[in-house]
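What follows is a short report on a single structure.
The values are calculated or read from the model by the stated rules, or taken from the named source; none is laboratory data. Quick caveat: nothing in here was measured; it's all calculated off a predicted structure. Cβ placement follows ideal geometry from the backbone for every residue including glycine, while neighbour counts extend to all protein chains displayed. The protein model used for the area step is the full one, side chains on, heavy atoms only, and it has no ligands, DNA or RNA in it. Shrake-Rupley method; radii C 1.70, N 1.55, O 1.52, S 1.80 Å.
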Amino acid sequence: MDDHDDVISSEPPTARRGGAARNWRIAGAGIAAVLFGLAVSLRGGVTVHDSADHPAATTGPAVPVVETGPPAPPPIRITPARAAADTAWYAGGGRALAAVLLADADRMAADRIDQDYNALGSDCSRLGDDVVTAQAYRPIPDQGAQNAWAVALGHLGLGADACLDGVSNSLTSQLASGAIEIDTGTTTLRSMETQLGRP
């Protein structure tokens, strides 16, 4: 990043010609774009659909719409015959790795809320490093659970990369995409906590 503390530009585009009225319209549009970009980065992104099932939005009163990102990875499903070995894997190091990754994700969410983009860049990098550490750890004995764990780590890694790109290049769309990927990955980590973290 450069010397700016905020990834959202505060300067509207300048008009090439057209007089004061055109300048005011363009300045207003620029400010609206900045406010919209800030809202998108804080809310985790907006999904746009082009299919006939999702017609284009029309002007009018705001209506609450629930948008979804990519499908969540499958939750960890434990094969009963492998349950003891999976629990031992979790207690022997998997729990600590998952806890670190969840803490990274929580810090990044707080950074986005606080609009602390300097801290966010550092935390994105930390998440990426912690994902690499988790990927190098021995696999879960249950192959199905290992597959879900690997997919979750993949989402977290993509989220960390998108976050770094968004912070470095002032791209709110990348910040939003990164947040969705991270949320998707943490779904599996929380499933692990539920299923393998029981005493």
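Brief remarks on what is shown
- Selection within the range 68-86: residues that are surrounded by fewer than 12 Cβ atoms within 10 Å (Cβ to Cβ) and assigned to a loop (DSSP other than H, G, I, E, B). The member of this set that is modelled with the lowest pLDDT is 68.
- Residues of the range 87-136 that are open to solvent by 50 Å² or more (accessible area, probe 1.4 Å) and touching a Gly at 6+ places or on another chain (Cβ under 6 Å): none at all.
- Residue that is farther than 30 Å from residue 176 by Cβ, at pLDDT 90 or above and in a helix (DSSP H, G or I), where the choices are 110, 91: 91
- Test: residue 150 is among the aliphatic types (A, V, I, L, M) and crowded, with 21+ Cβ neighbours inside 10 Å: no
- So residue 197, is it closer than 12 Å to residue 98 by Cβ, modelled with pLDDT under 95 and either surrounded by fewer than 20 Cβ atoms within 10 Å (Cβ to Cβ) or of a type outside the set (S, T, N, Q) (or both): yes
- Among the residues making up the range 153-186, those that are among the polar types (S, T, N, Q) and buried (at least 17 other Cβ atoms within 10 Å of the Cβ) are 170, 172, 174, 177, 184, 186.
- Taking each residue of the range 125-143 that is under 17 Å from residue 188 (Cβ atoms) and looking for partners that are not in a helix (DSSP H, G or I) with beta-carbon atoms closer than 9 Å, six or more apart or interchain, yields 140/76; 142/76; 142/77; 142/78; 142/79; 143/79.
- Residue pairs whose Cβ atoms lie under 6 Å apart, separated by 6 or more positions or on different chains, with the first residue in the range 170-199 and closer than 26 Å to residue 91 by Cα and the second polar (S, T, N, Q) and surrounded by fewer than 22 Cβ atoms within 10 Å (Cβ to Cβ), are 196/87.
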